[in-house]
Structure formats: C-alpha cells, structure tokens
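The following block contains the structure, expressed as structure tokens.
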Amino acid sequence: MSRLLKRHQRAEYIAARAKQTDEHQRCKAPMCTRLTRAAAGDGVGKHHCKMHEQRLMRHGSVTKDSYRAPDLHRYAKRTLEWLQANPSHPAAQEAKAKLDRTLREAGHFESQANVPYMSPAEKARMAWMRIRIKQLEPELVIAKLMAVEAMLKVDPPLSGEAEQYRLWQLGKVVHRMAGGYHRRAVMPGQRHWKFFQSSGLVLKHLGEQAAKVTGTISAG
C-alpha cells in the first residue's frame, strides 16, 4: 500500500509539473492558446506567440488596436482652438518650448535610403527632423499629441498595458505627421524610398519624446 501511494503521489507530481510547464509555454494574451515564440522554436520571445508579439510591436497592446485618425481629429481640433485662444498660457508656452527643443535636437537631414540601417533612436530623430522640415505649426503638432491623451481617458487599454500603449500611440501620431514617400530620380525611371514602418521600438522612442512635450498640459 505504501508503494502504491508513493507511485500515485509521484504521478500527481509529474502531471502538475507538466501542466505548469505547458502553461508557462503558452502565450500570455487573453484567450490565446498558442505557444510562445521560444516554445514554438521560431523566436526568443517567452511571453507571447508570434501573432500577439507582432501586435504588441505595432499597437503597444496585444488586444487593442491603435486609435484611428478620424477619432483623434475632434480632440485635436478642440485642443488646437484652446492653444490658439490661449497663446500666453504658461502650459502652452512650455509645451511649445519643449517641442522647439526636440525639433532642434533632431539634427541634420540624412538620405532616406539610409533609414533601413538606422537604429530605432536614429529613426525617431529622423521623424522629428521631417516634422521640422515640413514647418508644421507648433500648435498643430501639440494638439495632435494631446488628442491621444484625451482618447486614453475615453477609451483606455487594459491596465497592464496602459503606459506602453500610450507611448506607442503618441509615437504613431508623430510618425503619421512625419511620414510619407520620398522620390529619388535615377536612370532609367524613378526610384521610391519609403519612410520607416509604424511599428517596433522606434514608436517607443517617439512616444517618450512626445510625452515630454505633452506632460505640462496633461498635468495642467
């Protein structure tokens, strides 16, 4: 009887360990049963499957899509009206000063052909440089960034993803203002250089820099 009991206990222990290992190898996204990239052997990620890891890099959330431009527009319009009506407000002046410093620190122009070989930080610098070259109104840039802050209060992500989602969405707005296609004439015909993709760690860098600009108004 003692031997049978030990066998039974050992079998329960092995089953519990197998279940624990199986759960550890599953994607952490809600309702997802896929293996993590490390467990599946197609990457090194230990938290999510390939699909949800790509969603996280693109949207800053494994469950929530990015905000749509039309949804952000109405909040940007209200903020722009406030900024134009209160140009001497301390928060507005400080936000414009921080934006101006960010644009000046973006540095000089580089060929768009070099973008694929740049680090995420360098790509972020290129985005701010593009905004400076376009000579967008400071109030418009700040208003578009503040629209994200407003949307986060109305339509927030899951609590565990709040900060990453915020940075990614701010980064996407900067990318949208800076992006586009660049044309370089070659013989024969023409060649098109595409702006970097709105995904990955570059959005984190852009979001962190944008958050410094919006911080004063958000606090106010």
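List the helices (runs of 4 or more DSSP H) inside the range 19-117, counting only whole elements, that have at least 2 residues being touching a residue at least 40 places away in the same chain (Cβ under 8 Å) and surrounded by 13 or more Cβ atoms within 10 Å (Cβ to Cβ).
50-59, 69-85, 90-104
Further question: Taking the criterion of being within 22 Å of residue 175 (Cβ to Cβ) and either at pLDDT below 95 or part of a helix (DSSP H, G or I) (or both), would at least one residue in the range 4-16 satisfy it?
no
Can you tell me which condition residue 83 does not meet? The list is (1) more than 22 Å from the chain's Cα centre (by Cα); (2) outside the structural domain of residue 214 (by TED's automatic domain parsing), and all the others hold.
Condition not satisfied by residue 83: (2).
I've got another one for you. How about the range 55-101: which of its residues are within 16 Å of residue 171 (Cβ to Cβ) and among the aromatic types (Phe, Trp, Tyr)?
If the condition is that a residue be within 16 Å of residue 171 (Cβ to Cβ) and among the aromatic types (Phe, Trp, Tyr), then 67 is the only one that fits.
Count, please, the residues in the range 28-81 that happen to be under 27 Å from residue 137 (Cα atoms) and basic (Lys, Arg).
4
The values are calculated or read from the model by the stated rules, or taken from the named source; none is laboratory data. Owing to the predicted nature of the structure, the values given are computational and were not obtained by experimental measurement. FYI the Cβ positions are ideal-geometry reconstructions off the backbone, even for glycines, and counts take in every protein chain you see.
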